Amino acid sequence: MILGRDRVGFITVVLLVLLGTVSLLAQEADNVKLRLGGALRFGYKYAAWSEDHKREGGLLVYDVFRLNPEASYGNFSLTADYRFYATASGGGMLKYGYMSYTPNERHQVQLGLVPVPFGVMPCASSSFLFNLNYLLGLEDESDMGLRYVYNYRGWEASVAFYKNADWFGGEEASPSRFGFDVAGRNREVNQLNLYLHRQWGNTWQHQIGLSSMVGGLYNIDTQAMGSRYATALHYTLDYGALSFKAQYSRYGMYSRPKQGLSTDYVTMTAFGATHPIASEGDTYSAGLGYRIPFRLPWLSELYLYNDFSMMHKRLDGAHNTYQNILGCLITTGPIQTYVDWALARNHPDMGLGNAEGFVRGLPNQPWQSYLYINLGYYF
């Protein structure tokens, strides 16, 4: 009998945890360390354009159960994040999982399904729903490869090579993934990333950085190699309880499909879904946050935020995509609750009849609103 991928993933994680526990007990004298974290989350969503949501008062859904094992032995360590989403959202998936070698505080080498160093790290957004960069594969993304990280006196530099996106078998990229990757008849291959940022200040803590990426875009049908690139300038500021993030990104994806097929767009996939995006574009994002600590039995901290992002497509006759998310993160000990209210225009996931909102969009497209609340217990 062939087991389903979700069941195989679950059994694999359980076995890894059990083996790690046995290893820890058997080799305690060798200073092996193991920690297991995770979360269970549920969500409520209300889409203003949905007649069903209007009649039913929204929808309460299962979000995810995740496991986060960490292990270390001397200078070597293991970090992973495996998630069990609903089948419609992609099912089981490894968000990231890599081995590290850290000889000292300045140097580290990572190998496996490694986070991609690009833009504000780890995210240019504070909201649960992310900003537009995430939907374009330019935020919170991991791929299969090798990364070197250097830290020294406020400087951080990364050089990384990714052989391909996370691959789980099959000719085309599977939609069972966390970060958005190129899908359909094109595949991401041979990607080089360069990343540099500088931090300074005490009361006013600044960080400014540059990111770049170049890589191939292999077409399965023509067996021809296209190209792709992305660059970003990013800045963050922390002053007491106040935080600010800003980023400008530019990208291009140049596929070589069969004759007669359009090169104006490529298809992206994640979370069990796909959407096309313009082959060239610019994104602008800015986020503001403010933390308010509390000493109450039912409230530890309230974090208020607003994330704005815009996508400009470099195609004739295209219309910009806009997204703004106003929200807060409510923390009560190990319980975290995100409340996001999103407004968007020319967004394929918000509204009806605009599946190509990230390609050319539509003129006079109305703004759409979406309320999402996520409640999770983290351990």
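The values are calculated or read from the model by the stated rules, or taken from the named source; none is laboratory data. Quantities reported herein were computed from a predicted structural model and do not represent experimental measurements. Ideal geometry is used to build each Cβ from the backbone, glycine not excepted, and the neighbour counts take in all protein chains shown. These accessible areas exclude ligands, DNA and RNA; they are computed on the full protein's heavy atoms, side chains included. Shrake-Rupley method; radii C 1.70, N 1.55, O 1.52, S 1.80 Å.
Could you identify the single residue in GLY58, GLY97 that is modelled with pLDDT of 95 or more and in contact with an Asp or Glu (Cβ under 8 Å, 6 or more places away or on another chain)? First the steps, then the outcome.
Values: GLY58 fails: in contact with an Asp or Glu (Cβ under 8 Å, 6 or more places away or on another chain).
Going through GLY58, GLY97 in turn, just one is modelled with pLDDT of 95 or more and in contact with an Asp or Glu (Cβ under 8 Å, 6 or more places away or on another chain): GLY97.
Any residue at all in segment 311-319 that's in contact (Cβ under 8 Å) with a residue 12 or more places away in the chain, within 20 Å of the chain's Cα centre (by Cα) and either closer than 21 Å to ASP63 by Cα or part of a loop (DSSP other than H, G, I, E, B) (or both)? Even if it seems obvious, please write down each step before you answer.
Within segment 311-319, the subset in contact (Cβ under 8 Å) with a residue 12 or more places away in the chain is 311-315, 317-319.
Going one step further and asking which of them are within 20 Å of the chain's Cα centre (by Cα), we end up with 311.
Right, trim to either closer than 21 Å to ASP63 by Cα or part of a loop (DSSP other than H, G, I, E, B) (or both) and you get none.
Within segment 311-319, none of the residues are in contact (Cβ under 8 Å) with a residue 12 or more places away in the chain, within 20 Å of the chain's Cα centre (by Cα) and either closer than 21 Å to ASP63 by Cα or part of a loop (DSSP other than H, G, I, E, B) (or both).
Could you grab the pairs with beta carbons closer than 7 Å, sequence gap of 6+ or different chains, first residue in segment 198-225 and closer than 30 Å to ARG256 by Cα and without any contact (Cβ under 8 Å) to a residue 24 or more places away in the chain, second one open to solvent by 40 Å² or more (accessible area, probe 1.4 Å) and of a type in the set (S, T, N, Q)?
From segment 198-225, the pairs are SER212/THR231.
Can you pull out the residues in segment 67-103 that are open to solvent by 40 Å² or more (accessible area, probe 1.4 Å) and over 20 Å from TYR148 (Cα atoms)?
THR87, ALA88, SER89, LEU94
From the list VAL189, VAL159, which residue is open to solvent by 70 Å² or more (accessible area, probe 1.4 Å), of a type in the set (A, V, I, L, M, F, W, C), in a strand (DSSP E or B) and in contact with a strand residue (DSSP E or B) (Cβ under 8 Å, 6 or more places away or on another chain)?
Working: VAL189 fails: open to solvent by 70 Å² or more (accessible area, probe 1.4 Å).
Exactly one residue qualifies, and that residue is VAL159.
All but one of (1) in contact with a strand residue (DSSP E or B) (Cβ under 8 Å, 6 or more places away or on another chain); (2) surrounded by fewer than 23 Cβ atoms within 10 Å (Cβ to Cβ); (3) touching a residue at least 60 places away in the same chain (Cβ under 8 Å) hold for LEU146; which doesn't?
Every listed condition holds for LEU146 apart from (3).
Restricting the search to segment 61-107, which residues are among the charged types (D, E, K, R) and outside any strand (DSSP E or B)?
Let us first name the residues in segment 61-107 that are among the charged types (D, E, K, R), namely 63, 66, 70, 81, 83, 95, 105-106.
Selection gives GLU105, ARG106.
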